[in-house]
Structures are given as structure tokens and as C-alpha cells.
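S.K.: Got a structure here, written out as C-alpha cells. Questions coming.
Laboratory data are not the source of any read-out in this text; all were calculated from the coordinates shown. Source: prediction; values computed, not measured. Here the Cβ is made from the backbone with ideal geometry for all residues, glycine too, and neighbour counts use every protein chain on show.
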Amino acid sequence: MEQAHQRWPELVMAFEKRQPGQTFAVKTLFRDGERGEWMWVNISSIKRERVEGRLENKPASVNNVREGNQVTVKISEIGDWIYQDGKNLIGGFSLSPPKKA
């Protein structure tokens, strides 16, 4: 999470220069009472201290959001981010490294 916050300006710059078809996403914690679930949001816009986008996951633990919902996320609540630059994935700090065969 710390690395995602430190490198946030990198994602913002890349998003501002995005190409058609390029996808950018952030991971944030959604809460429903005492239950919480980390899920990905496909970014549609970045405005000041907030990100707007569409929820990409089907919730398993929380009932107050649904896959495909338009949501707004505070930048301070983002735990991870990811985008693809050509063939390289950038970010994804919370993802496990690929296992070797």
C-alpha cells in the first residue's frame, strides 16, 4: 500500500496520456458494516482527491455494491493500482508474483 501511495503520481501521469483501449484500475476496501472486501475499480476519471470508475469485481462479502456499479473512491483510500503500458503491467503491488513452473 505504501508503494502504491508513493508512486501515485506515476499512475496519474500515465492516465493523462492514456491511449484508446488502455485500462487503469485502483484497488480499494469496500465496507458493509463490519464486513470489508478489497476490490478493483476501472478508472474513468481522476478529479482532485477522488477517482471515479466502475466496480470490476463481483462482491463476495459485502452487499452494498454490485459489479458494474459506478463508484467514487478517495485517493487516500486506495490500496493498489495497476495499468498496462504496452506489454508490461505497471503497479499491482498487492498481487502475488507469477509462480515458476
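S.K.: Calculate one ³J(HN,Hα) per residue across region 71-84 by plugging θ = phi - 60° into the Karplus curve 6.51 cos²θ - 1.76 cosθ + 1.60, and present them in order as whole Hz with x for glycine and proline.
M.R.: 9, 10, 10, 6, 4, 5, 9, 7, x, 6, 8, 7, 7, 10
S.K.: To the nearest 20 Debye, how big is the dipole of the chain about its Cα centre, given +1 on the beta carbon of each Lys and Arg and -1 on that of each Asp and Glu? Each step should come with its number before you reach the end.
M.R.: Values: 16 positive and 13 negative charges, 47 e Å.
Roughly 220 debye, rounded to the nearest 20.
S.K.: Same structure again: Any idea what the relative contact order of region 2-91 is, in percent, if you count C-alpha pairs under 8 Å spaced at least 6 apart? Mind showing how you got there, number by number?
M.R.: Numbers: 162 pairs, mean separation 26.7, N = 90.
Taking the mean separation of contacting Cα pairs over the length of region 2-91, I get 30 percent.
S.K.: Still on this structure: Just to be sure I follow the rule: in the chain, considering lysines 8 or more places apart or on different chains, how many pairs have Cα atoms under 16 Å apart? Walk me through the intermediate numbers first.
M.R.: Working: Lys17/Lys47; Lys27/Lys58; Lys27/Lys74; Lys47/Lys74.
Lysine pairs meeting the criterion: 4.
S.K.: Kindly provide the helix-only [θ] at 222 nm of the chain, computed as the sum of -39,500 (n - 2.57) over DSSP H runs of four or more divided by all residues, to the nearest 500 deg cm²/dmol?
M.R.: -3500 deg cm²/dmol
S.K.: Of Ser45, Thr72, Asn88, whose Cα points farthest to the positive end of the dipole of the chain (charges on the beta-carbon: +1 Lys, Arg; -1 Asp, Glu; origin at the Cα centre)?
M.R.: In the chain, that residue is Asn88.
S.K.: Pop out the ³J(HN,Hα) list for region 54-62 in order, Karplus 6.51 cos²θ - 1.76 cosθ + 1.60 with θ = phi - 60°, rounded to Hz; leave Gly and Pro as x.
M.R.: Karplus-based 3J(HN,Hα) across region 54-62 equals 10, 5, 9, 9, 8, x, 10, 10, 10 Hz.
S.K.: Return the sequence-ordered ³J(HN,Hα) values of region 32-38 in whole Hz as given by the Karplus equation 6.51 cos²θ - 1.76 cosθ + 1.60 applied to θ = phi - 60°, using x for Gly and Pro.
M.R.: After applying 6.51 cos²θ - 1.76 cosθ + 1.60, I find 9, x, 7, 7, x, 8, 7 Hz.
S.K.: Given H placed on each backbone N at 1.01 Å, which residues far from Asp85 in sequence or on other chains put an amide H within less than 5 Å of it?
M.R.: Ile90
S.K.: Hey, of (i) 1.08; (ii) 0.98; (iii) 1.18, which did the structure itself give for Cα Rg over 2.2 N^0.38 Å when calculated?
M.R.: Only one option fits the structure, namely (i).
S.K.: DSSP loop (so not H, G, I, E, B), at most 10 other Cβ within 10 Å: list which GluC sites (Glu not before Pro) in region 39-76 pass both filters.
M.R.: Working: sites: Glu49, Glu52, Glu56, Glu67; in loops: Glu49, Glu56, Glu67.
Qualifying residues, ordered by number: Glu49.
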